[in-house]
Every structure is written in C-alpha cells, then in structure tokens.
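Report on the following structure.
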Amino acid sequence: MKVVIIDCATAGVSGDKLLAAAVHAGGSELRLKVEETINSIVGERVFSFEDAEENGLRGLRATHSLKGKRYEGDLVEVVRSASSRAGLGSWSLCTATMAAEFITEAEREVHGGGKLHELGEMDTIVDIVGTLKALEGLGLEDAEFFTMSLRVGAGYIKGGHGILPIPAPA
C-alpha cells in the first residue's frame, strides 16, 4: 500500500506549495507534463516551475502571472471542465470535484454565500487540477493520504478582507 503524509504542522500548506512538492517528487518529465497541462487550461503560457531554495531546503517553486485573473462561473463546474480538459482520470476528476465542493462550502459557511473572494482566482483552479495531475503522474490514485495536525499561530494577517486575526476565519 502507498502512503502519502502531508506534514503541514510547522507552516500549513498552500495550493502552490503542494503542487510544487508533488511535481518535484516526479522529476523533470512530470514537471514538463504538468506545466503543459496547466498552460493549456489557462490558455496561455503563464505558468512554470523553477528550482528554489528556502531556509536551506531545496525544491521547486510554482511561478505564474495569474495574480488577479478570475474565472467565470461556479468553482465546481470550472474545476470539472478544467479537469476534463487536462485529461484527468476518474480518481483525479472525483477528487478535484470534491476539493472544489469542500472549498465552496467552507467559503459559504464563513462568508454566508455568494462570491468566493481570493478563491475565485484562476490560481485556485491551477492548484487543484495541477496537483491532481501530478499525483496521478506519480501513480498515487490508490494511496492512503494523511495530514499532520495543523499548528495555529497568533497575530494578524492582511488579506482581501483587510486585517484578519490568526487563525483567519477561512
């Protein structure tokens, strides 16, 4: 049995970092495949990975010029469509849809419905579909996934809704 452990205990996890880590685990062939897939979803060459080092740790960093680019329509439907265009298999398509449904429900719960705020940007689609394309490329469709407990800090963060407490509501 394959096991994937996502250790977000020290710093959490973001979509682009999870995507980059999965691609890094697969090497250069997977890197090119995922870059090509993401750029075809977006419709232009705006996405790539670069070698990076942070705090003495080496890996990949996802780079793009998608900041502020929003998608039109419902997140779940956009993710389904992008997943289909990306050629995701049934496990990845189902997982991508569940992720989009979970995100949508969490946003509705916190904000009372309506607009998805920061999650309404195109990089949300890229993070979800790209990560699943990478996991599929690694052959992890039948793996068991676990996450470490998230440690929450204290303080404040500046977001699209102004200054928010940590942990932030969504």
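The values are calculated or read from the model by the stated rules, or taken from the named source; none is laboratory data. The structure displayed is predicted, hence computed values, not measured ones. To get the accessible areas, we keep the full protein, side chains included, count just its heavy atoms, and leave off ligands, DNA and RNA. Shrake-Rupley method; radii C 1.70, N 1.55, O 1.52, S 1.80 Å.
Observations on the structure shown:
- Residue-level accessible surface for S149, protein heavy atoms, 1.4 Å, Å²: 100 Å²
- The stretch 1-40 pair-distance distribution - Cα-Cα, 5 Å bins, rounded %: 6, 19, 25, 22, 16, 11, 2
- At the residue level, K2 shows approximately 90 square angstrom of accessible surface with a 1.4 angstrom probe and all protein chains present.
- In percent, rounded to a whole number, the relative contact order of the chain is 35, using alpha-carbon pairs under 8 Å and six or more apart.
- Normalising by residue count, the chain has a Cα convex hull of 129 Å³ per residue.
- Accessible-area composition of the stretch 11-112, carbon plus sulfur, in percent [1.4 Å probe]: 50 percent
- If you run the Gaussian network model on the chain, springs between alpha carbon atoms under 10 Å, then out of L132, L66, L57 the most flexible one is L57.
- Annotation: per residue accessible area for the chain equals 60 Å², rounded to a whole number [probe 1.4 Å, protein chains only].
- Calculated [θ] (222 nm, deg cm²/dmol) that DSSP helices of n ≥ 4 give over the chain, each run adding -39,500 (n - 2.57): -15500 deg cm²/dmol
- Per-residue ³J(HN,Hα) for the stretch 51-58, Karplus 6.51 cos²θ - 1.76 cosθ + 1.60, θ = phi - 60°, Hz, x for Gly and Pro: 5, 9, 9, 9, 6, x, 9, 9
- Relative contact order (%) - criterion: Cα under 8 Å, at least six apart; region: the stretch 1-83: 23 percent
- Computed on the stretch 23-101, the Cα convex hull volume stands at 123 Å³ per residue.
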